[in-house]
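One structure is given below, encoded as structure tokens.
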Amino acid sequence: MSWRTVVISKRAKLDMKTGYLVVRSEESTSKINLDEISVLIIENTAVSITGCLIAALTEKKIKVIFCNEKRDPTCELVSYYGSHDTSAKLRKQIRWSEDVKSYIWSEIIAEKIRKQSEFLEELEKSNEAEMLRNYIEELEIGDVTNREGHAAKVYFNALFGKEFTRSQECVTNAALNYGYSIILSYFNREITAHGYVTQLGLFHSNMFNHFNLSCDLMEPFRVIVDRCVVKNSFTKFDKEEKHILVDILNSTVYMNGMEQYLGNAIKLYCRSVFDALNDNDVSQITFYSLKRRE
């Protein structure tokens with residue numbers, strides 16, 4: 001199973017040789033087995049990459065994220081065909097019923113708010129945590145009353161203060177957005193690897209958003225980024241801080257009582273959501289937990 005997150009932060013040439021990623025920099029040459037790599041993040045815009053390596057990375061479903069001159073994620077490598085039966089999967093995706101999508105979206109949002117509430121409880125913000133639990137009780141199918149939005153306002157104000165909004169330009173939002181983009185890229189990889197397309201979502205349907213489905217499925221995982229940002233209390237957001245957030249990918253969670261690396265947990269979760277959608281059975285969805293549940 002691939003597990004490594006590789007970050008290229010200096011000027012280098014990336015090539016492939018006999019199944020290895022070869023990194024040639026001014027100081028040295030190093031090799032990493034492609035089968036060990038889960039995510040490749042190219043931070044430096046002076047990095048060059050060969051076509052044969054791009055083909056190999058695509059074939060092995062390794063997520064490649066490219067950054068701009070500020071080292072912020074700006075695009076990623078997404079294969080056209082992630083599965084041998086992509087055309088059949090796409091037909092299934094188009095046929096997913098609106099009712100089932102609404103039920104599953106409601107379950108995803110309920111789990112997101114539940115994890116937010118648990119985090120607030122850990123921070124001894126019991127009143128706000130209770131408010132979020134009440135929002136879960138009030139949640140309707142498809143979240144037509146936008147309990148998610150109300151919960152988000154309470155949640156972020158409890159974490160970062162009453163004056164905080166997700167739209168303002170600040171270190172906290174820069175960190176949150178960076179972390180979310182890393183998690184989003186993982187979901188893009190898993191969705192395409194399973195043969196589905198990221199554009200057709202359950203709830204998100206913005207015609208300008210290429211990743212509507214990824215934005216839907218990732219919601220319960222956002223709190224992992226939130227925890228990291230709160231824990232580190234960033235006062236600036238540069239290379240070191242970004243690497244702290246990238247390291248989230250090496251963290252572990254629990255699914256079905258077993259410890260899993262975050263990337264593998266995302267894979268198992270996505271598979272369970274697709275099974276639920278195809279079988280019209282919301283009970284098949286498997287969510288992660290931060291503690292082992294027997």
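Do we have Asp275 as touching an Asp or Glu at 6+ places or on another chain (Cβ under 8 Å), closer than 30 Å to Trp96 by Cα and open to solvent by 60 Å² or more (accessible area, probe 1.4 Å) here? Can you show your working first?
Working: touching an Asp or Glu at 6+ places or on another chain (Cβ under 8 Å): yes; closer than 30 Å to Trp96 by Cα: yes; open to solvent by 60 Å² or more (accessible area, probe 1.4 Å): yes.
Judged against the criteria, Asp275 is a match.
Since Asp143 meets every condition but one in (1) within 24 Å of Tyr103 (Cβ to Cβ); (2) of a type in the set (D, E, K, R); (3) at pLDDT 95 or above, which condition does it not meet?
For Asp143, the failing item is (3).
Of Asp216, Asp247, which residue is within 30 Å of Thr145 (Cα to Cα) and among the charged types (D, E, K, R)?
Numbers: Asp247 fails: within 30 Å of Thr145 (Cα to Cα).
Within the list Asp216, Asp247, the selection yields Asp216.
Return yes or no: is Glu130 on the phi > 0 side of the Ramachandran plot and more than 23 Å from the chain's Cα centre (by Cα)?
Numbers: on the phi > 0 side of the Ramachandran plot: no; more than 23 Å from the chain's Cα centre (by Cα): yes.
When the stated conditions are applied, Glu130 does not pass them.
I need a count of the residues in the stretch 38-70 that are aromatic (Phe, Trp, Tyr) and open to solvent by 60 Å² or more (accessible area, probe 1.4 Å).
Just the residues of the stretch 38-70 that are aromatic (Phe, Trp, Tyr), to begin with: 66.
From the residues that got through so far, the ones that are open to solvent by 60 Å² or more (accessible area, probe 1.4 Å) too are none.
Adding up the residues that qualify gives 0.
Exactly one condition in (1) in a helix (DSSP H, G or I); (2) out of contact with any helix residue (DSSP H, G or I) (no Cβ under 9 Å at 6 or more places or on another chain); (3) under 21 Å from Gln93 (Cβ atoms) is false for Ser181; which is it?
(3)
Please indicate, with yes or no, whether at least one residue in the stretch 97-109 is out of contact with any Pro (no Cβ under 7 Å at 6 or more places or on another chain), among the basic types (Lys, Arg) and either without any contact (Cβ under 8 Å) to a residue 24 or more places away in the chain or under 21 Å from Thr5 (Cβ atoms) (or both). Even if it seems obvious, please write down each step before you answer.
Within the stretch 97-109, the first condition is being out of contact with any Pro (no Cβ under 7 Å at 6 or more places or on another chain), and the residues that meet it are 97-107, 109.
When the remaining residues are screened for being among the basic types (Lys, Arg), the result is 101.
Then keep just the ones that are either without any contact (Cβ under 8 Å) to a residue 24 or more places away in the chain or under 21 Å from Thr5 (Cβ atoms) (or both); that gives none.
Among the residues of the stretch 97-109, not one is out of contact with any Pro (no Cβ under 7 Å at 6 or more places or on another chain), among the basic types (Lys, Arg) and either without any contact (Cβ under 8 Å) to a residue 24 or more places away in the chain or under 21 Å from Thr5 (Cβ atoms) (or both), which makes the answer no.
Restricting to the stretch 198-208, give me the number of residues that are more than 20 Å from Leu40 (Cβ to Cβ) and open to solvent by less than 40 Å² (accessible area, probe 1.4 Å). Please lay out each step first, then the result.
So in the stretch 198-208, the residues more than 20 Å from Leu40 (Cβ to Cβ) come out as 199-208.
Pick out the ones that are also open to solvent by less than 40 Å² (accessible area, probe 1.4 Å) and you get 201-202.
Of the residues in that region, 2 qualify.
Filter the stretch 223-253 for residues that are under 19 Å from Thr5 (Cα atoms) and not β-branched (Val, Ile, Thr) and give the result. Explain how you work it out, then say what you get.
Step one: of the stretch 223-253, the residues under 19 Å from Thr5 (Cα atoms) are 224-225, 228, 238-253.
Across the stretch 223-253, the qualifying residues are Cys228, Asp238, Lys239, Glu240, Glu241, Lys242, His243, Leu245, Asp247, Leu249, Asn250, Ser251.
Checking Ser117 against (1) under 27 Å from Arg4 (Cα atoms); (2) crowded, with 17+ Cβ neighbours inside 10 Å; (3) more than 19 Å from the chain's Cα centre (by Cα), which test does it fail?
Condition not satisfied by Ser117: (1).
The values are calculated or read from the model by the stated rules, or taken from the named source; none is laboratory data. The shown structure was predicted, so the numbers you read here are calculated from the model rather than taken from an experiment. No Cβ is skipped: glycine too gets one built from the backbone with ideal geometry, and neighbour counts run over all protein chains shown. Surface accessibility is based on the protein's heavy atoms, side chains included, excluding ligands, DNA and RNA. Shrake-Rupley method; radii C 1.70, N 1.55, O 1.52, S 1.80 Å.
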